[in-house]
1. With respect to A:Leu221, is the statement that it is more than 10 Å from every other protein chain (Cβ to nearest Cβ), farther than 14 Å from A:Gln60 by Cβ and surrounded by 24 or more Cβ atoms within 10 Å (Cβ to Cβ) true?
2. Looking at region B:421-435, I want the residues that are over 17 Å from B:Ala248 (Cβ atoms) and have a partner that is outside any helix (DSSP H, G or I) with Cβ atoms under 6 Å, at least 6 apart or on another chain. Which pairs are those?
3. Please list, ordered by first then second residue, the pairs with beta carbon atoms under 6 Å, 6 or more apart or interchain, first in region A:275-289 and more than 17 Å from A:Ala244 (Cα to Cα), second among the charged types (D, E, K, R).
4. Which pairs turn up if I take residues in region B:131-157 that are closer than 15 Å to B:Arg116 by Cα and look for partners that are surrounded by fewer than 22 Cβ atoms within 10 Å (Cβ to Cβ) and polar (S, T, N, Q) with beta carbon separation below 8 Å, at least 6 apart in sequence or on another chain?
5. Does region B:475-483 contain any residue that is assigned to a loop (DSSP other than H, G, I, E, B), within 19 Å of the chain's Cα centre (by Cα) and closer than 25 Å to B:Glu200 by Cα?
6. Would you mind telling me which numbered condition in (1) out of contact with any Gly (no Cβ under 9 Å at 6 or more places or on another chain); (2) surrounded by fewer than 21 Cβ atoms within 10 Å (Cβ to Cβ) B:Ser463 fails?
7. Could you check region B:155-169 and list, in sequence order, the residues that are aliphatic (A, V, I, L, M) and surrounded by fewer than 20 Cβ atoms within 10 Å (Cβ to Cβ)?
8. Checking B:Glu336 against (1) at pLDDT below 95; (2) farther than 30 Å from B:Gly40 by Cβ; (3) buried (at least 19 other Cβ atoms within 10 Å of the Cβ); (4) more than 7 Å from every other protein chain (Cβ to nearest Cβ), which single condition isn't satisfied?
Amino acid sequence: MRSGYRREISVALAIGALWIALALLAPGFFTLSNQRDVLMANMPVLITALGMTLIVLTGQIDISVGSVFAICGVTAGLLAKSGLPLIAVIVATVLVGSALGAINGALVAYLQIPSIVVTLASMVALRDGLRWVTEGAWVENLPRTFQWFGLTLRGSEVVTIGVAALLFAGLAWGLRHLAAGRAVYAAGSNEEAAHLAGIDRARVTLWVFAIAGALTGCAALLNAARFNQVPSNSGLGMEMSVIAAVVVGGTSIRGGRGTVAGTLLGVILLGAIGTALTFLGVSAYWEKAIQGGIILAAVSAEAWPMRAQTWGGRLGRSHT
Amino acid sequence: MLLQATGISKSFAGVRALNGASLDVKPGEVHALVGENGAGKSTLIKVITGAVTADSGTVEVNGSVIQNHHTRLAKSLGIAAIYQQPALFPDLSVAENIALALETGTVWRKVDWKARTARAKELLDRAGASIDPARPASTLSMPEQQMVEIAKAIGAEARILIMDEPTASLTDVEVERLFRVIDSFRGQGSGVVYISHRLEEVFAIADRITVLRDGETVGTHRRDAVTREEVIHMMVGRDLSAVFPKRAVPIGEIALELRLPGISLHVRRGEILGLAGLVGSGRTELAETIFGLRPADSGEILRDGKVVRIGSPAQAIQCGIGYVPEDRRQHGIVMEMPIVSNVSLASLAAVSSRGLIDGNAERELAGSYIGQLRIKAESAQANAGTLSGGNQQKVALARWLATNPAVLILDEPTQGVDVGSKQEIHKLMVDLAERGLAILMISSELPEILGMSDRIAVMHNGSLRATLSRQEATAQKILALALGQE
């Protein structure tokens, strides 16, 4: 395990390098208000990415998170407007998220359809279903008890960060110390061996998708409460930044290796780059291109040693 | 001489597959190549077809030595091979499959579909098969696929036709038909290399027989100059020089009993039951049935005299059954996980309470097996992927011992491990038996089967042929049973 955190360390170094560059070239990046903006804007991405880390660890992927995020946000807004107490809104939104995740998970686990296909279909179906129901209208004039959870702006921000920190710590702890966490890694890195060891792969998949869905619901809720209205097209393209953060953070896209700490670093790096471009006077159009380049670099860094391994393995196996 | 392979040696990752093997084929002859599992038949064929490059030795075709051998070169020299597992493109039609193997020209040429179909039909007729050339290959049965492969070989006007277990999936009628095709090849002056485990077929069709053992050619004889018994003797005839640490331990009650169609078998506590048979005889399938990977449709399994229903590995583990599979890279070890987690993987419940893993208990459990099995590793936290083959096998073994099983199934427990580890694993097996474990050992190595087992069960074609006691078992007898000769 000595080399186990090499990827996390290299991402941390990249963040350090970026910060030093920004400190020299664009000190405005480090003002308190900017840092606060960056932090708050990336909280939904972080919480959703925590769930995505679980999914990717089992060797699956979920590209429907943006659509689930939108549905959960709209659900939260509508329920809040209907006058339901805050706690009921919270519970219902998280349940809707986990139910949508569980449907994806069940299709992947029990019908054994590749997750990329299942979630591509649900991404489109959920997005257009929402558009059809809302007719594109935003949920506006949210009640005062819902916006900022009835607290001050500062208070709601503290709550948001606190929730994210709790979820992060809980997942990090669970992956390390719970038998269920071990099952996630085992199923992701050697499905056959995990099956032989008595681990129910289908159940692992179903649960991982359901938990990720709940986290997406949670992220949508915290995001919805930040403003006075919920756009019905929120979360558009969110799967990109979420998956990017997970992959850049060192979680193997083949599953079985990675940590939520890496994902946190991935979110920080990609979040910082997005804002940094503005401060460096680079056109915002470059943001996606640069993000894409970083993902490619991260995946290639993983693929190189892999290739060498499979070649070696093939040579060794060919006689049997 | 049509084909002459002389002094062929080949090693894979330090393991000798061929050690100076030789084979020659005359025009108009069927030459049978026989030998035990792992004798080197497939490797020799691959050297001849250019799929594998030999470390030393020469291959001559029509008297000239081939340099820089390659599968394409083999094709142009008229060497065609038909393997046990046909390699057709499932979504293409039969006619396309045949055309892909035979047509020449650039990728941009215009395809003459009528000619393609006509030729496919003609070739299939000559092979004695009535298959519609328009059918997709995926709809063909195994024998039909075999026939398409033969049609391809006929179309290629092969001068040297190599057939690797071509009859494994054929019925008697189809075998008859195949023999007629082979006869016509022989009549045209082509040479046929015929590999088979079925000695009756070998003696029915071959002109000469070459026996391969441990990568060496034991001898080549005219068919009428040897008997089946002599051939079997040549296949086995190695001295059992290896010393096995087997010793007698008290034998207890029946731990596992199988009452399955074609298989009735039991293993007692303290007993090592060797399960012998050829590759494909159904030994691994039997193990997988016991372990719930392919639950039996009918019949029953008894543990300690009680009928149990095993539908999944998790249930098998609950019944006190452990299974160390054959392919440890694919099914055994989780390479990216530390040794500790690999050892505890099947017994997480024992080291955790309410789903929370007790790190100390886990390290203790793993530590005790690392010591007991003498697993050589930098630390218990090292990734299992960094270990040597023998140590990986010990980790796989440790995982199952940690579940505290009553019955342990070992599938090829010492395949591909070094000599030292091999002996340690054998010693461990005896120790485990002494502690009252019932061990079911699948092995393709006859010396291992003979040296380690209290009783030996021999499988052939998916059913149990006989169970021999340690005293009455001989290599010759086991092989004859495995070949379906007795």
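The values are calculated or read from the model by the stated rules, or taken from the named source; none is laboratory data. The structure presented is a predicted model; accordingly, all values stated were derived computationally and were not measured. No Cβ is skipped: glycine too gets one built from the backbone with ideal geometry, and neighbour counts run over all protein chains shown.
1. On the way: more than 10 Å from every other protein chain (Cβ to nearest Cβ): yes; farther than 14 Å from A:Gln60 by Cβ: yes; surrounded by 24 or more Cβ atoms within 10 Å (Cβ to Cβ): yes.
Yes; evaluated as a whole, the condition is true for this residue.
2. Filtered contacts from region B:421-435: B:Lys422/B:Thr414; B:Ile425/B:Pro413; B:Ile425/B:Thr414.
3. Partner pairs satisfying both residue conditions: A:Leu277/A:Glu287.
4. B:Pro133/B:Ser93; B:Pro133/B:Thr117; B:Ala134/B:Ser93; B:Ala134/B:Thr117; B:Arg135/B:Ser93; B:Pro136/B:Ser93
5. We begin by selecting, within region B:475-483, every residue assigned to a loop (DSSP other than H, G, I, E, B); these are B:483.
Narrowing further to those that are within 19 Å of the chain's Cα centre (by Cα): B:483.
So of that shortlist, the ones also closer than 25 Å to B:Glu200 by Cα come out as B:483.
Looking through region B:475-483, at least one residue is assigned to a loop (DSSP other than H, G, I, E, B), within 19 Å of the chain's Cα centre (by Cα) and closer than 25 Å to B:Glu200 by Cα.
6. All conditions are met except number (1).
7. Within region B:155-169, the first condition is being aliphatic (A, V, I, L, M), and the residues that meet it are B:156, B:158, B:160-163, B:168.
Across region B:155-169, the qualifying residues are B:Ala156, B:Ala168.
8. For B:Glu336, the exception is condition (4).
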